[in-house]
1. If a/c stays under 1.5 just call it rounded; otherwise compare a/b with b/c (prolate if a/b is bigger, oblate if not). Do that for the range 79-130, with a ≥ b ≥ c from the square roots of the Cα gyration tensor eigenvalues.
2. Longest segment of the chain with no chymotrypsin sites (Phe, Trp or Tyr not before Pro) in a DSSP loop having at most 12 other Cβ atoms within 10 Å?
3. Taking the range 86-160, which trypsin sites (Lys or Arg not before Pro) meet the DSSP loop condition and have no more than 12 other C-beta atoms within 10 Å?
4. For Lys192, which aspartates and glutamates qualify as cross-link partners when the Cα separation must be under 15 Å and same-chain residues fewer than eight apart are set aside?
5. Taking square-rooted eigenvalues a ≥ b ≥ c of the alpha carbon gyration tensor, is the range 61-189 rounded, prolate or oblate, where a/c under 1.5 means rounded and, failing that, a/b exceeding b/c means prolate?
6. Most fluctuating residue of Pro218, Pro165, Pro75 in a GNM of the chain with Cα springs under 10 Å: which is it?
7. Would you mind classifying the range 1-102 by shape? Square roots of the alpha carbon gyration tensor eigenvalues, ordered a ≥ b ≥ c; an a/c under 1.5 is rounded, otherwise it is prolate if a/b is larger than b/c and oblate if not.
8. For the chain, what does the equivalent ellipsoid look like in terms of its semi-axes, each the square root of 5 times an eigenvalue of the Cα gyration tensor, given largest first in whole Å?
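Bear in mind that the values in this text are calculations on the coordinates, not laboratory data. Quantities reported herein were computed from a predicted structural model and do not represent experimental measurements. When we count neighbours, we look across all protein chains shown, and the Cβ atoms used for this are built from the backbone with ideal geometry, even at glycine.
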Amino acid sequence: MIIYPEINPNALTIGSFSIKWYGVCYLIAFLWCYWQAILKKSIDWSKEQIENLLFYIAVGVILGGRIGYVLFYFPSDVIHDPLGLLQFWLPGRSFHGGLLGVLIAIVFYAKKYHSSFLTITDFIAPIVPIGIMCGRVGNFINGELWGRVTNVPWAMVFRHVDQHPRHPSQIYELLLEGVLLFFILKMCDNKKQVGYKSAVFLIFYAVFRIFVENYREPDFEQGYILAKMTMGQILSIPMLVIGIILYLKAVYSKNICNNI
C-alpha cells in the first residue's frame, strides 16, 4: 500500500499570485505538440500554418474542455448560471469536451486554409497522446480522479479523500491513454490512408478509457448511469463507433494514397 504524497498544487507562489502545476502540465503539453508538429515532415505546411493550427487547437481545448465539463457533468447549472460555461479559471475539464472543441476548431481551420479535415486530424493524432499524458500528470498532482477501493499491492491511499486503499487510476490513464497510445500511433507512421491514424487514435483511446473507468471512482456528480456505466464510458462509445467506421473506410476505400 502506498500513501499519496499530497503534492503542493502550486508550482510557484508570489504573494497572492500562484502558478498551478496543472497549468504547467498544459503548457508542457502545448510546447510538446508545437515541437513535434514542426519536426513532422508528413505534411507540406509552412511554420506559420502549423502555428496557426496549434492556436486553433489550443482555443478548442480550453473552450471545449470547460464547456464540455459543465454540459456533461453539471447540465442543470447551465439553466441557473449560463455564464458558468465561460468561467475558465475554475477547476473542471472534460477530455471529451476538449476533443469536441478541437474538432470544431479544425473545421474552421480547414475551411480557412482549404485543407482536408481528416488530413489535419491524421497530422495531429500521433502528437496528442503525450499531451494527454501531461494532463494526467496534472490530475495526479492535484490528487483528483482517484480510483475505486481495492487491495492490489500498488493501491494508494488518498488521505484527502478517505483512508481506503484505491487504484491510482490517474497513473493507469497516463500509461494507457498517454504512453501506450503514443507508441501504437508511432507504429502507424507508414500508414498513408486518409483517416487511418485518426481512426486508430479514436479506437484505442475509447477502449483504454472504457477499460480504466472500471477502476476509476465514478464522478460523484453523476455516479453510475445506464447499466452501471460511467459518464466517461458513455462518452467514449461514440468515439469507438466513429473510429471503427473511419478505420473501415480508410482500409477499404479506393482513395488510398499509398499501399500498406
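1. oblate
2. Counting at most 12 other Cβ atoms within 10 Å as exposed, the longest clean stretch of the chain is 1-87.
3. Hits after loop and neighbour filter: Arg159.
4. Asp44, Asp122
5. oblate
6. Top of the fluctuation ranking is Pro75.
7. Oblate, since a/c reaches 1.5 and b/c is not below a/b.
8. Semi-axis lengths for the chain are 31, 22, 19 Å.
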